[in-house]
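Taken together, the values in this text are just the output of simple stated rules run on the coordinates, not laboratory data. Everything numeric here is computed off the predicted structure, so don't read it as measured data. Don't worry about glycine lacking a Cβ; one is built from the backbone with ideal geometry, like all the others, and counts go over all protein chains shown.
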């Protein structure tokens, strides 16, 4: 599925802010509502240095309730529930994306995934993974700055993945700098080093993963 920024401009608003609601969330047209576990994880307040559990409160986590509204939660709760064996799929957006665009694009990617299968897929855990990519200044210097931030975000994503039990397979989807974030996180999860950083706790590399990405801009 290929989506570009102009496609989003013609789409109805999904969930423009935390606390918003959409009656269509988690339900395909003509189908019963799905029992998916949908999260919005914001890394913008997470420091760029080595992470430990002492930084858990720096992460902003919200979870979709059965009433189709966002409810504040914690990453501790996410990790506690992530060992149920269901597929955990991350959506990692690209360059010059604010919170609204992250949530809107995440909404449509999620809908596309659960509706594209000929038969209804089993319940999944879908994570919109927000990182500080908002645009500012001249495009080329800004793109270079965001490339560095994307590498920092790779460490954050890899750290986050390392706390998900290996019984739950992972899926990772991204565009633009999103695949850069994802590939860096996978490199770190395999024991590699990125910008002098390594992971002490890594997601089990033997567990199946599927990665989808596009390098072009929306």
Roughly what would the spin-label model give for residue 44 and residue 190, points 7 Å off Cα along C-beta, in nm?
3.3 nm
Roughly how many nanometres apart are two label points built 7 Å out from the Cα toward the Cβ at residue 81 and residue 200?
2.8 nm
Roughly how many whole Å is it from the C-alpha centroid of segment 132-193 to that of segment 90-107?
13 Å
Inverse of mean 1/r across different Cα pairs in segment 35-214, Kirkwood, Å
16.5 Å
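How big is the equivalent ellipsoid of segment 53-118 along its three axes, where each semi-axis is √(5λ) from the Cα gyration tensor, reported in whole Å from largest to smallest?
Gyration-tensor ellipsoid for segment 53-118: 22, 18, 13 Å.
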Just grab the label-to-label distance for residue 56 and residue 119, each label 7 Å out from Cα along the Cβ direction, in nm (one decimal).
3.9 nm
